[in-house]
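The values are calculated or read from the model by the stated rules, or taken from the named source; none is laboratory data. As the structure is a computational prediction, the values presented were derived from the model and not from experiment. In this analysis, Cβ positions are derived from the backbone assuming ideal geometry, glycine residues included, and neighbour counts consider all displayed protein chains. Quick note on the areas: whole protein, heavy atoms, side chains included, nothing else; ligands and nucleic acids left out. Shrake-Rupley method; radii C 1.70, N 1.55, O 1.52, S 1.80 Å.
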Amino acid sequence: MTTSSNYTNLRDIWYTMIGIPGLEDAHTWISIPICSMYIVAVVGNTVLLFLIFTEHSLHEPMYLFLSMLALADIFLSTVTTPKMLAIFWFQEGGIYFGSCVSQMFFLHFVFVAESAILLAMAFDRYVAICYPLRYTTILTPSIIGKIGIASIIRSFLICFPLVFLVYRLTYCGRNIIRHSYCEHMGIARLACDSIQVNIYYGVIVALFSTCLDVVLIIISYALILCTVFRIPSQDARLKSLGTCGSHVCVILLFYTPAFFSFFAHRFAGHSIPLHIHILLANLYVVVPPTLNPIIYGVKTKQIQEKFIQVFSLSKKFC
């Protein structure tokens, strides 16, 4: 295979994902918590969506944004986990190039969209605390819908070029993906020509999507804290901060492992073993979606009450 066309034809063969390199013997044991968390993530977020859309009292901006987050969490875990479990259980790591690129696109698309949703939720808390009397007039259902659509469009425009960036490369026989799912740089490293453009674009995407979102979230909470500390009553201050507790926990859960992985890959070099990187990457797509509905269920009184009400009603009919 010496011609460019022959290299291109390699895209039609099956690529092989090997799961977590170095921990192949432990795949079955690793799959147990991952499978359990995936089930909890799907069920928990589905219940959250059901409660929000069926209970009129939860049709408020905060809960509408939360429903977007729950939907994104379901997609984030479902894009990766079934194939991951197939590798762990049945050694079914084979995947066509086109399918691998599709998984890559949807993975990055959902990640960027979820980051935008977290930013929107920070804006929601900013308006609720800094402009409480104008809360419902600023965040109308129409505005919330436009924010949701804008998040999807932004994510699509940012992530769609990744498809062209991996298709433009020449592939010449390396078909082992040392990961449990397909992501941009994992595919790019299979190429036999320069991937500098892919690297630069990946950094640009991180800076102008995720990092920008984090900066804006920090600014939102700085403004929130300035407003809260001007409230004379300590009880009122604590109550205002309490409404932000769930969101702060979710933010830390979402961004901390992402930034750890980003900086570890670029600055830690080979000091952190590859199997640690991949294991954390596997946990990252199931742990936040699993814990997000639990966090909001525990910390949000309205969701607790509606869940107990619906659960009691279902038991009554049973």
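Counting alpha carbon pairs within less than 8 Å and at least 6 residues apart, what relative contact order, in whole percent, applies to the chain?
Reported relative contact order: 29 percent.
Which residue, Y284, Y221, Y131, has the most motion in a Gaussian network model of the chain that connects Cα atoms within less than 10 Å?
Top of the fluctuation ranking is Y131.
Which of the helices in the chain, when you take each full DSSP H run, stretch at least 30 Å along the axis at their Cα atoms and have an average Kyte-Doolittle score of 0.0 or higher?
Flagged H segments are 27-54, 61-90, 97-130, 141-167.
So, with a 1.4 angstrom probe, what is the percent of accessible area on the chain that is carbon and sulfur?
Answer for the chain is 71 percent, counting heavy atoms of protein chains only.
Leaving out ligands, DNA and RNA but keeping every protein chain, what accessible area does K146 have, in Å² rounded to the nearest 10, with a 1.4 Å probe?
Accessible surface of K146 is approximately 130 Å².
Can you give the relative contact order of region 140-211 as a percent, counting alpha carbon pairs under 8 Å and 6+ residues apart?
Computed over region 140-211, the figure is 27 percent.
Quick one: net charge of A41's neighbours, Cβ under 15 Å, K/R +1, D/E -1?
For residues surrounding A41, the net value is -2.
Sorting H275, H179, H56 by accessible area (1.4 Å probe), largest first, what list results?
H56, H275, H179
Quick one, what does Rg over Rh come out to for the chain if you take C-alpha atoms and the Kirkwood Rh?
1.01
Tell me the accessible surface of F156 in square angstrom (1.4 angstrom probe, heavy atoms of protein chains only), to the nearest ten.
90 Å²
If you build a Gaussian network model of the chain, linking Cα atoms that sit under 10 Å apart, which residue out of A116, A70, A258 swings the most?
Judging by the Gaussian network model, the answer is A258.
Extension gain E24-F53, at 0.36 nm per residue separation less the Cα-Cα distance, in nm?
Length gained, E24 through F53: 6.2 nm.
Which residue, chosen from A150, Q91, P61, occupies the Cα position most advanced towards the positive end of the dipole of the chain, where the dipole is computed from +1 (Lys, Arg) and -1 (Asp, Glu) charges on Cβ about the Cα centre?
Working it through, the farthest residue towards the positive pole turns out to be P61.
Please find, in a Gaussian network model of the chain (springs between Cα atoms separated by less than 10 Å), the residue of L71, L216, L157 whose mean-square fluctuation is greatest.
L157
Mean separation of Cα pairs under 8 Å and 6+ residues apart, divided by the residue count of region 70-223: what relative contact order is that in percent?
The normalised contact order for region 70-223 reaches 31 percent.
Using a 1.4 angstrom probe on the protein heavy atoms only, line up S99, S180 by accessible area, largest first.
The most accessible residue leads, giving S99, S180.
Would you check the accessible area of E183, probe 1.4 Å, heavy atoms only, in square angstrom rounded to 10?
Taking all protein chains as shown, E183 has close to 40 Å².
Using the heavy atoms of the protein chains and a 1.4 angstrom probe, tell me the accessible area per residue for the chain in square angstrom.
For the chain, the per-residue accessible area is 51 Å².
Nearest 20 debye, what's the magnitude of the dipole of the chain about its Cα centre given +1 on Lys and Arg Cβ and -1 on Asp and Glu Cβ?
560 debye
Per-residue ellipticity at 222 nm for the chain, helices alone: DSSP H runs ≥ 4 residues times -39500 (n - 2.57), over residue total, nearest 500 deg cm²/dmol?
-24000 deg cm²/dmol
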